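All remarks here apply to the structure that follows.
The values are calculated or read from the model by the stated rules, or taken from the named source; none is laboratory data. Just so you know, these numbers come straight off a predicted model, no measurement behind them. Positions of Cβ are generated from backbone atoms using ideal geometry, with glycine treated the same way; all protein chains shown enter the neighbour counts.
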Amino acid sequence: MRKVLIFGATSAIVQEVARLFAKDGAALFLVARNAQRLASVANDLRVRGASLVETLAMDLNDLKGHEGIVQSAAGVLGEIDAVLIGHGELPNQSIVDHSGEEVARTFTSNCVSVLSLVTHVATFMERKKRGLIAVISSVAGDRGRRSNYAYGAAKGAVNIFLDGLRGRLHGSGVRILTIKPGPVNSPMTASMPKNILFSEPRPVGEGIYRAMKTGKEVVYLPSYWRWIMALIKLIPDQMFRRMTF
Ligand SMILES: NC(=O)c1ccc[n+]([C@@H]2O[C@H](COP(=O)([O-])OP(=O)(O)OC[C@H]3O[C@@H](n4cnc5c(N)ncnc54)[C@H](OP(=O)(O)O)[C@@H]3O)[C@@H](O)[C@H]2O)c1
């Protein structure tokens, strides 16, 4: 995996993955919203050994630009071996509760923009008959909880879309990887009280890098979240709706 296109490159988790690709000497095309932070991430990755780092600053909620990004990245990198999509926003659910606009924004940031990118990349890779599309979803997408159900629903829709796309691309040479981290101590969760279930971005980034390099299709990070979510899904609805988390 020598040529990697990365969306949400300034995210704490994604930066950890990008550092591991840089150490391998990979060529990276980075896309993120904040040009200044993107430039600093790019410099860090050059120092860490990336053979080439190109950047593009844009708001990924602007869907019109998506097809062009894939073409630009292919032009710069020559080929695209893997794409990692990691941008996202965790809204304040108490605001989303009473705002249709915020519901729509949550879905655009965490679902529609992601699925639009996935579709353009899948079309590109299907023609080439090779490649990996890795998407950072969340355990929040496995069951709707009162504290984050808009974000969770957006991630859940991403999971289902990727399941179907995996079926469509079966045998095409294109692999789809769904990544479901549990809570991570990153800028996204800065205002949340932390507990023992929070992980640090580095081990989660390492897990993503490993899953991209192996043949995995769905990965929970840390892996024990697979079992936690299996148990959570078993809780009867009547009991679950009384739980306060
Ligand atoms: N932290 C967690 O507990 C957790 C758990 C499970 C899954 N995840 C997922 O992991 C991924 C990375 O999150 P993180 O924890 O590393 O958080 P983070 O450091 O806050 O990163 C989120 C990144 O997404 C970018 N972004 C958001 N909306 C964007 C848009 N419209 N266009 C371009 N970039 C946009 C942000 O850019 P700006 O800096 O410009 O805002 C930021 O770089 C996300 O998909 C998140 O949903 C996180």
If you take the residues in segment 170-193 that are touching a helix residue (DSSP H, G or I) at 6+ places or on another chain (Cβ under 9 Å) and of a type in the set (V, I, T), which one is nearest to the ligand (Cβ to nearest atom)? V184
In segment 227-245, what residues are without any contact (Cβ under 8 Å) to a residue 24 or more places away in the chain and either among the charged types (D, E, K, R) or closer than 15 Å to V17 by Cα (or both)? D237, R242
(1) within 18 Å of G131 (Cβ to Cβ); (2) within 9 Å of the ligand (Cβ to nearest atom): which one isn't true of I6, the others all being true? (2)
Do we have any residue at all in segment 195-214 that's part of a loop (DSSP other than H, G, I, E, B), under 17 Å from the mean Cα position of the chain (by Cα) and under 16 Å from D142 (Cβ atoms)? no
Does V47 meet the test of being over 20 Å from the mean Cα position of the chain (by Cα), of a type in the set (V, I, T) and more than 16 Å from the ligand (Cβ to nearest atom)? yes
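For the structure I just gave you, tell me whether F240 is in contact with a Lys or Arg (Cβ under 7 Å, 6 or more places away or on another chain), modelled with pLDDT under 95 and not aliphatic (A, V, I, L, M).
The answer is no for F240.
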Every residue from segment 217-235 that is of a type outside the set (A, V, I, L, M, F, W, C), touching a Lys or Arg at 6+ places or on another chain (Cβ under 8 Å) and not in a helix (DSSP H, G or I): E217, Y220
Residue, surrounded by the most Cβ atoms within 10 Å (Cβ to Cβ), within segment 87-116, restricted to residues that are away from the ligand (no atom under 13 Å from the Cβ) and of a type in the set (S, T, N, Q): Q93
